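J.: Pasting a structure below so you can have a look.
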Amino acid sequence: MDLGITGRRAAVAAASAGLGLGCARALVREGVHVAICGREAGRVDAAVAGLQADARSGAAVTGVVADVSTVAGATGFVADAAAALGGVDILVTNAGGPPPGTFASTDLDAYAPALELNLLSTVAMCQAAVPAMAERGWGRVVAITSITVRQPAAMLILSNTARAGATAFLKTLATEVAPRGVTVNSVQPGLHATDRLLQLHGGDVSGVGATLPAGRVGDPDDFGAAVAFLCSQPAGFITGAALQIDGGAYPGLL
């Protein structure tokens, strides 16, 4: 299936590994020019080399060292991506998670940095990228959040709170920019075979996968393919959606 985005320009945040890298890989395979970022230059360079090897002929890959956990870092990444690519047509927002904790164990002072990491960084990247998309009459925003937006997880009160706020922001933004040809969606991952999950389980996640209806954990490349579809021309009538990608783990109807 031709996604109709060959030659488009994408900024994919926190994409030196994991789900962000899976998204970047899916996009370069479609011929999209991609700028990625990460906090460590060595990891960014390695990811760029791998993406260039996977890219469809003609697709350029650029690496930026940036920390999107702050508003300044998030804004700077989009600015650097736009400068390198000549503009940004597709934005994939992404960031790590805040520390675990419960209501009783989490100090009030911990909420501000968590909100900056998982809410304000998304707002900042959208503010840096979306106005130009709307002016051109075409754009795609896909935000990576978490399945915990649908079902808050125990011990993750900071993430639950911040990502729910981001989801509300994205839904609101989607309705505002839809008439300008810009779609805004979020994707809610469950358990995927990222470096972090593999480290936590000694490199063997089969036991974790067996607990899911799908019988396995997710593949970051499959996750990326779903994100690439939401960035596509055929997906132009999908906006304001929050898509769970969790192997059936979430049991609710809504």
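J.: Is it true that Gln151 is outside any helix (DSSP H, G or I), of a type in the set (S, T, N, Q) and under 17 Å from the mean Cα position of the chain (by Cα)?
T.: On the way: outside any helix (DSSP H, G or I): yes; of a type in the set (S, T, N, Q): yes; under 17 Å from the mean Cα position of the chain (by Cα): no.
Here the answer is no, as Gln151 does not meet what is asked.
J.: Being in contact with a Pro (Cβ under 8 Å, 6 or more places away or on another chain), at pLDDT 95 or above and either outside any strand (DSSP E or B) or buried (at least 17 other Cβ atoms within 10 Å of the Cβ) (or both): is that true of Ala178 here?
T.: In short, no.
J.: Going by what's in this entry, would Val68 be described as at pLDDT 95 or above and closer than 25 Å to Pro152 by Cα? Walk me through it before giving the result.
T.: Numbers: at pLDDT 95 or above: yes; closer than 25 Å to Pro152 by Cα: yes.
Answer is yes for this residue.
J.: Give Ala17, Ala74, Ala13, Ala41 a once-over and let me know the one that is surrounded by fewer than 16 Cβ atoms within 10 Å (Cβ to Cβ) and not charged (D, E, K, R). Before you say what the answer is, go through the steps one by one.
T.: Working: Ala17 fails: surrounded by fewer than 16 Cβ atoms within 10 Å (Cβ to Cβ); Ala74 fails: surrounded by fewer than 16 Cβ atoms within 10 Å (Cβ to Cβ); Ala13 fails: surrounded by fewer than 16 Cβ atoms within 10 Å (Cβ to Cβ).
From the options Ala17, Ala74, Ala13, Ala41, the qualifying one is Ala41.
J.: While we're here: Name the residue that is modelled with the lowest pLDDT, counting only residues in region 238-254 that are closer than 18 Å to Thr148 by Cα and among the hydrophobic types (A, V, I, L, M, F, W, C).
T.: Of everything passing the filter in region 238-254, Leu254 is modelled with the lowest pLDDT.
J.: Can I ask one more? Among the helices (runs of 4 or more DSSP H) contained in region 24-137, which hold 2 or more residues that are under 17 Å from Arg9 (Cα atoms), free of Cβ contacts under 8 Å to residues at least 12 places away in the same chain and of a type in the set (Gly, Ala, Ser)?
T.: Details: elements: 41-54, 71-85, 111-115, 121-136.
Filter on region 24-137 gives 71-85.
J.: Those residues that are in contact with a strand residue (DSSP E or B) (Cβ under 6 Å, 6 or more places away or on another chain) and closer than 21 Å to Ala235 by Cα, I need them from region 20-56; list them, please.
T.: Gly20, Cys23, Ala24, Leu27, Val28, Val32, His33, Val34
J.: Still on this model: What is the residue count in region 208-237 for residues that are modelled with pLDDT of 90 or more, over 17 Å from Ala15 (Cβ atoms) and not hydrophobic (A, V, I, L, M, F, W, C)?
T.: Narrowing region 208-237 to residues modelled with pLDDT of 90 or more: 210-237.
In the following step, the residues that additionally are over 17 Å from Ala15 (Cβ atoms) were identified as 210-217, 229, 232-237.
From the residues that got through so far, the ones that are not hydrophobic (A, V, I, L, M, F, W, C) too are 211, 213, 215-216, 232-234, 236.
Number of matching residues: 8.
J.: Return the residues of region 45-58 that are surrounded by fewer than 21 Cβ atoms within 10 Å (Cβ to Cβ) and of a type in the set (A, V, I, L, M); say none if nothing qualifies.
T.: Those that are surrounded by fewer than 21 Cβ atoms within 10 Å (Cβ to Cβ) and of a type in the set (A, V, I, L, M): Ala46, Ala49, Ala53.
J.: Being at pLDDT 95 or above, out of contact with any helix residue (DSSP H, G or I) (no Cβ under 8 Å at 6 or more places or on another chain), not in a strand (DSSP E or B) and not acidic (Asp, Glu) is true for just one of Thr172, Thr161, Thr167. Which residue is that? Can you show your working first?
T.: Details: Thr161 fails: out of contact with any helix residue (DSSP H, G or I) (no Cβ under 8 Å at 6 or more places or on another chain); Thr167 fails: out of contact with any helix residue (DSSP H, G or I) (no Cβ under 8 Å at 6 or more places or on another chain).
Checking each option against the conditions leaves just Thr172.
The values are calculated or read from the model by the stated rules, or taken from the named source; none is laboratory data. In this text, all values refer to a predicted model and were calculated from it rather than measured experimentally. Cβ: placed from backbone, ideal geometry, glycine included. Neighbour counts: every protein chain shown.
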